[in-house]
Amino acid sequence: MTDKADSRPIRVILLDVDDTLLNFDACARKAMEQACQVTGVPWSRSLFDTFQEMNAGFWQQIEAGKLTLHQLWQIRWNRIFARLGIDADGQAFEQAFHGALDTTHETVSGAAQVLKDLTDQGFILYAASNGRQRQQETRLHLAGLDRYLQGIFTSEAAGANKPAAQFYDYVMNKMREILPDLQPDQVVMIGDSLSADVRGARDAGMHALWFRKDGTDGADCSQLMQLPELVGQLPD
């Protein structure tokens, strides 16, 4: 954190998308059910549970720079099907899954209200996501959340994934097109990933709050409606 004597008031809030504003588990399950219908792969709870487990590991590799999004889309479902002994075309399933995921938009509880509250308090809000630009724009629009956002920053547009410095440098440069005097310590990043959102933002000189809707020990909050108070407690 920034020394209070030298700190400036928070002006901008960056919010992760999946599992911060949008409920990724609910979205993924809906997309998976639709992909099963399209491809003929039988739906089962074990399929969803295995996806959750293995997808979390894949994303840890992405955040560590050991896997790209393109590589993820090439291997994800083939590996899941291999684990479960399912004879199916993983890349065809990935295509159907991704097509369905593009329009899923189930929100995390309190998302719309907290964005409204933060906007009413005078903060400038942006989304910041490891994902595809068009997909995240579409999902946030369908969820009715984009009305509160000044923009959506994605790893696709930045050419790098969070927590890379390149991603946060891109975000700062884009925001300075609107706010030329904006400094990193006037920005707070809020997200569910300790590495991508919290450590990445802090390494860039920003504040960060760790949000975990599952109540993970050590997280700063588990309910979005806690955010206005927590942001208000940051050094200013």
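The values are calculated or read from the model by the stated rules, or taken from the named source; none is laboratory data. No experiment lies behind these values; they were computed from the predicted model shown. Neighbour counts run over all protein chains shown; Cβ positions are idealised from the backbone, glycine included. Surface accessibility is based on the protein's heavy atoms, side chains included, excluding ligands, DNA and RNA. Shrake-Rupley method; radii C 1.70, N 1.55, O 1.52, S 1.80 Å.
Each row is one residue, and each column tells you yes or no for (1) within 28 Å of residue 200 (Cβ to Cβ); (2) not basic (Lys, Arg).
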| residue | (1), (2) |
| --- | --- |
| 60 | yes, yes |
| 69 | yes, yes |
| 73 | yes, yes |
| 83 | no, no |
| 86 | no, yes |
| 93 | no, yes |
Of everything in segment 48-97, what is small (Gly, Ala, Ser) and either closer than 18 Å to residue 24 by Cα or open to solvent by less than 50 Å² (accessible area, probe 1.4 Å) (or both)? Give them in sequence order.
56, 57, 88, 90, 92, 96
Take the residues in segment 162-200 that are small (Gly, Ala, Ser) and under 20 Å from residue 221 (Cα atoms); name whichever of them is surrounded by the fewest Cβ atoms within 10 Å (Cβ to Cβ).
195
Considering every residue within segment 153-161, establish whether at least one is at positive phi, outside any helix (DSSP H, G or I) and surrounded by fewer than 20 Cβ atoms within 10 Å (Cβ to Cβ).
yes
Could you run through segment 202-236 and say how many residues are outside any helix (DSSP H, G or I) and either hydroxyl-bearing (Ser, Thr, Tyr) or surrounded by fewer than 18 Cβ atoms within 10 Å (Cβ to Cβ) (or both)?
15
Under 8 Å between Cβ atoms, at least 6 apart or on separate chains: pull out the pairs that start in segment 107-127 with a residue that is assigned to a loop (DSSP other than H, G, I, E, B) and end on any residue that is polar (S, T, N, Q) and open to solvent by 50 Å² or more (accessible area, probe 1.4 Å).
109/223; 110/223
Scanning for something touching a Lys or Arg at 6+ places or on another chain (Cβ under 9 Å), part of a helix (DSSP H, G or I) and within 20 Å of residue 213 (Cβ to Cβ), does segment 36-51 turn up at least one residue?
yes
